[in-house]
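Engineer: I'd like to ask you about the structure that follows.
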Amino acid sequence: MNRQNIKQLTQHFMPRSLIQKCLLLVTLAMIGAMILLQVVMDHWIYRQVEPGLLKNYSTLVSGVGMRVSYLLHQNSQYVKFLCADQELLEELSKVMEFSTPEEKEAYKRLIASHILPEARGGNEPGAILSSRCAIALVDWQEWVCTEDLTLYMECISQSDWTHALREHLQQLAIDYEGKVVKSYSPVFEIEVDGDQKEFICLAMPSTNIHDHDIVFFMIEPFSEFRNLLEVFEQNQISNYALFTQYLDFVSQDCDAFSDDFLSESSAFVGDEQYEVKQTLTKNGVYFGLRVSYLIEDFKVIAYVPNDLYQQPYLAFIRSANIVLFLLLLVLLGVILFILKKNLSRLGTLTCQIEEIRSGQSDNITHIYGKDEIGILADTFYHMMDEIKENIAQIKRQEKREKEIEYSLLISQIDPHFIYNTLNTITYLAEMNRYQDITIINKALIEMLRDRLKISKLQIYDTIAKEEQQIQYYITIQNYLCGNRISVEFQSQHSELLYPKNILQPLVENSILHGILLHRDDNGEKMKGLIKITITQQDNWIFTEISDNGIGMSDRELHHYFVELPNSIAEFEQDSPAHTHTHIGIYNIRMRLSYLYGEAFEIFAASPGHKGLTITLKFPAHSD
């Protein structure tokens, strides 16, 4: 390749414009700066964020320790309560007085029923669930427990821990004079109904009663301790351990706790209760915490390897890189500002065009001038004014059409309903029941008058007005159905605006498809009850319509309230029954869609397929 070819190739790849040259220089400078920062600043940044990382993990370990400590406290309180029950202790002291084994066993079963188990915690998030029961040992010979604890008692009584427990408790009483003597066991494992169960014991002697030694053994599933320690797993810490004098529990995935470590675990835990001790090693950090008094000697230790420990630091480095890229953009902005002297108005006009294209055209400062740029800007603004006016006119037309279409959806009254009402009025006239005619005629007139409001595009009315319309409708239906339907309407917001004629179709569905089909054992119609409850929470209105009709099957509930047909014809065609379908449900869904778009919910439940409850949720209307 000769010099001429090299020159042509260089000219082809070299930037021609000033902006391109500036971009190239700034980009090269930023790449060089990033490489330099990666080489010399990683260690410095890590040292800056290290105290925060240590504090975060210390807080996590402290939180787990506090929850374990709470569980230990509840255990102690439970056993202390048994040790303080003088009546129970008196009864236990009599176990040794029976001469025959049969009498003794019968008496032990009677006393065991008085040693009550305990369960704490609920289903709320964050609750510490715990359950515990107890076994009594009298004079280190006779075990007293309920039948369901027999397997636990046998496991405990045969353990090496129990055989050495008497001397251990005596030594604790000497070492911790004046303190409540207690000792935790290792984890025991038994098979119950084919399942392997782990449990742990807390042994505590009571006061000497009539020269009898009584020791209570509290039994607690070890899974409750595992549940508390699972917080480590949730935070990606797989190496953790729980230590006592007899218990060395280590997580299954643990590779950081060797045999030598287990023998020296106290070195990683401070002497102060609830004080997290941090031990930094070459491969990671140990966080140790004492969660109990020295007499119980409970310790929690978590190991965080470097790859997990430094993960937030790596995220910080990525953030720093993003900042460098932003700095590059700032420098590019400075260069563009230099070029602005010659192309400022054209650049401004270009930006305005971009804003308008993205929909941000409210605050635009006009550019004036008699040159080509001024003429171009003036023509552009005139064109935009015309487009805005056309868009506004189209939106007004669409809103008008939408309101008309919505009013058509809700302004119709079932002709069969009017026919049946007029037929009932005729029947009442023949029976000379003029007072009833007046009542039913007034109700029908008020309903028709309310529909005239809809034809005038009055889409909302107060809840009180809607309740009145429901009462008019029920009045007519009771004449048609023989006075068997009642309505309970509950709302503390009578003046709250509510979409018109939303409730009546749902009440009509409850009557036609639920209440009128409900029969007793003699085939007689059951009296109907419809409950309507309207509440407001924040900016949402909740409506619940329930009835005591025949309810719906799971298939019907899925069809009417889960599937979304494209049209009312499809809705009717796919209905489980091809006659008397719940068209009102589809109609209500369409109305709410017109008013709120996707910001509404409608769902139903039919517990035991007896009765139906429909719930609506949509935004509150603001004037």
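The values are calculated or read from the model by the stated rules, or taken from the named source; none is laboratory data. Just so you know, these numbers come straight off a predicted model, no measurement behind them. Glycine gets a Cβ as well: all are built from the backbone with ideal geometry, and neighbour counts include every protein chain shown. Note: areas computed on protein heavy atoms with side chains; ligands, DNA, RNA excluded. Shrake-Rupley method; radii C 1.70, N 1.55, O 1.52, S 1.80 Å.
Engineer: Measure out, as a whole number of angstrom, how far apart the alpha-carbon centroids of the stretch 102-142 and the stretch 263-314 sit.
Structural biologist: Cα centres, the stretch 102-142 to the stretch 263-314: 35 Å.
Engineer: Please list, in chain and number order, the residues 5+ apart from Phe489 or on another chain whose amide H is under 5 Å from its amide H, with Hs placed from the backbone.
Structural biologist: Sorted by chain and number, the residues that satisfy this are Ile532.
Engineer: Please list 3J(HN,Hα) in residue order for the stretch 156-173, calculated via the Karplus relation 6.51 cos²θ - 1.76 cosθ + 1.60 where θ = phi - 60°; whole Hz, with x for glycine and proline.
Structural biologist: Running phi through 6.51 cos²θ - 1.76 cosθ + 1.60 with θ = phi - 60° gives 5, 5, 8, 7, 5, 4, 5, 4, 9, 5, 4, 5, 5, 5, 5, 5, 4, 4 Hz.
Engineer: Could you point to the residue in Met204, Tyr176, Pro186 farthest towards the positive end of the stretch 154-210's charge dipole, with +1 and -1 charges on the Cβ of Lys/Arg and Asp/Glu respectively?
Structural biologist: Checking the options against the dipole of the stretch 154-210, the answer is Tyr176.
Engineer: For Tyr498, enumerate residues with amide H under 5 Å from its amide H, sequence gap 5+ or separate chain, H modeled in the peptide plane.
Structural biologist: Those qualifying (amide H under 5 Å, at least 5 residues apart or on another chain) are Asp461, Thr462, Ile463.
Engineer: Residues of the stretch 188-319: accessible area per residue at 1.4 Å, in Å²? Before the final figure, lay out the partial values.
Structural biologist: Working: 6380 Å² over 132 residues.
Using a 1.4 Å probe on heavy atoms only, each residue of the stretch 188-319 averages 48 Å².
Engineer: Could you compute Rg(Cα) / (2.2 N^0.38 Å) for the stretch 197-306, with N its residue count?
Structural biologist: The value comes to 1.25.
Engineer: If the cut-off is a Cα-Cα distance under 16 Å, which aspartates and glutamates reach Lys104, setting aside same-chain residues fewer than 8 apart in sequence?
Structural biologist: Glu90, Glu91, Asp139, Glu142, Glu147
Engineer: Contour minus end-to-end for Asp175 and Arg484, with contour as 0.36 nm per residue of separation and end-to-end as the Cα-Cα distance?
Structural biologist: Numbers: separation 309, 0.36 × 309 = 111.24 nm, distance 8.13 nm.
Computed gain between Asp175 and Arg484 is 103.1 nm.
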